[in-house]
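Let me begin by presenting the structure, written as structure tokens, before commenting on it.
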Amino acid sequence: MANRLTTAQSTLAMRRWRPAGLVAIAAMAALTALTTDAAAAKQARPAPEAVAPRTAGEPIMAIVSIKGQQVTFYDADGWILRAPVSTGTTGRETPAGVFAVIEKDKDHHSTMYDDAWMPNMQRITWNGIALHGGPLPGYAASHGCVRMPYGFAENLFDKTNIGMRVIISPNDAAPVDFSHPALFVPKKEAIAAAPARAETLSREAEEATRAADETKKAAATTAREAASLPASLRNLERLKKSADAELAYAEKVLAAAKTDQAKARAEELKQKAATKAADAATQLDTAKTNAQPKRDAAAAAKDAAKAAATRKTDAVKAATEARLALEPVSVYISRATQKLYVRRNTHKPAPDGGGEVFDTSIEVPVTIRNPDRPIGTHVFTAMAKSDAGLRWTVVSIDNADDAKDALDRVTIPQDLLDRIAPTAVPRSSIIISDEPLSSETNYRTEFVAVLNNQPQGGFITRRPTAPDLVASDDSWDNGGFGFFFQRNPNPQPGNLRRRGGGQYWQPQQGWW
């Protein structure tokens, strides 16, 4: 009886605990499976490198997929190279956003990480984010850079140019053929005439520069001569005053003379004093007469120098714009700042070393319909010439609006379109984004903008770049591009933004 009671109690207990026990067992199994899958994913073999089965052209853009841990390079006709990568690990994540190659170093050693070797480095921010060769464990493991296979990075190094677009996407992304009336349509006659126009204006700028230098020297000479006039006149006035005093003294001596002999000596003294006073007066009058033309000449030379300097400035500006018209143009439209920015590479070495100078001379307000509504981040790129002008693609890495709706919402000033569209060439681009330009954007970069709804630990933990330089007024003498060095390139501000009912934090300016 006791045994039967014990058995019944045990059976009842099993029945009571069976559902909870099964749930616990299932949960443990699921957790084990997840852990096993995560470990397997972390140790998974990276995707193999790939080369397109055709002759490759010049790379126009690179797209890094953080999710796929892969980079793909594209020329005008599609993808040409593909390789696995290792992006930033948790806490030092590679920032998603829009970048461009701003410096290349074949044998780079890090100044941030104990002289670590980063071969075939292609920098995309001055605070240390770059593409380079490195170890690939099969998962995100870097401090924020994009590591590529050593051999792949070496073979790629000589194929890319400063200014090549680099897009880092949170997910897989690829360029898609795209057309829209707002995209630049170049004019064949403008394109054909651009090289000769640039050469002519460069020659005129050189002539204007020589003329300005000559008139400046002439003005300096006449200014020195005019500057010496007051002192010279004061000296002559002093001499005349002294001579007049001697004459007055001689006249007193003559009046006081009592004897004929004394009178004769006094008369002789007076004659000498009178001659000296007359000579001093003549010299002073002559100097005064000659001084005015010299003053007038100095004033005229100064005015001529100013006019020549103005002609030089205008000629240099025209020549610079004509040279820039031969380069691809990049436009960035920010919903955050309601501004439009233009960049073109001048190919002039940066005066403080490292990289090349980008033209930053155009920054204008822009109209965006429904400015409080997110617009996304879309990169439109002119891949090649076409019968209609240019063949465009778009890469979207943040889809608040689709690409067409984003372009529909923007009104680019017509005078700006008239200025840059007629000579737009392949590799030109238009970027539309919710984001402001990062503080990393300066005269030595194209555009740098990061997605602030994505982690960017590898970006914000790095020191910011040095402050921008200030322009020299004599822009032609320092290479013709000194007036492009501008302060305050609208750094990425800190604020709390909403999207789809959620919130995310933008790091405060000064964190990187």
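One residue alone among G133, G151, G97, G128 is small (G, A, S) and surrounded by fewer than 21 Cβ atoms within 10 Å (Cβ to Cβ), and that residue is G151.
Given R343, R391, R373, which one is of a type in the set (D, E, K, R) and under 13 Å from the mean Cα position of the chain (by Cα)?
Values: R391 fails: under 13 Å from the mean Cα position of the chain (by Cα); R373 fails: under 13 Å from the mean Cα position of the chain (by Cα).
Checking each option against the conditions leaves just R343.
Within the range 199-211, if we keep just the residues that are within 16 Å of A318 (Cα to Cα) and of a type in the set (G, A, S), the residue that is surrounded by the most Cβ atoms within 10 Å (Cβ to Cβ) turns out to be A205. For the residues S396, S439, the requirement of being surrounded by fewer than 24 Cβ atoms within 10 Å (Cβ to Cβ) and touching a helix residue (DSSP H, G or I) at 6+ places or on another chain (Cβ under 8 Å) singles out S396. If you go through the range 138-161 and keep only what is touching a Lys or Arg at 6+ places or on another chain (Cβ under 8 Å) and over 19 Å from G457 (Cα atoms), you end up with G138, F157, T160. Within the set of pairs 6+ apart or on separate chains, which have a first residue in the range 404-428 that is buried (at least 17 other Cβ atoms within 10 Å of the Cβ), a second that is assigned to a helix (DSSP H, G or I), and C-beta atoms under 7 Å apart? Listed pairs, sorted by first residue: P422/A190; T423/A190; T423/I191; T423/A194. Looking across the range 183-192, the residues that are farther than 23 Å from G78 by Cα and surrounded by 13 or more Cβ atoms within 10 Å (Cβ to Cβ) come down to K187, A190, I191.
Annotation: S179 fulfils all but one of (1) touching a residue at least 24 places away in the same chain (Cβ under 8 Å); (2) out of contact with any strand residue (DSSP E or B) (no Cβ under 9 Å at 6 or more places or on another chain); the unmet one is (2). Quick check on E214: is it part of a helix (DSSP H, G or I), touching a strand residue (DSSP E or B) at 6+ places or on another chain (Cβ under 8 Å), among the acidic types (D, E) and over 30 Å from T411 (Cβ atoms)? No, not satisfied.
A short reminder: the numbers here are calculations on the coordinates, not readings from a lab. What you see is a predicted model; the values in this text were computed from it and never measured. Note that we place each Cβ from the backbone using ideal geometry, even for glycine, and neighbour counts take in every protein chain shown.
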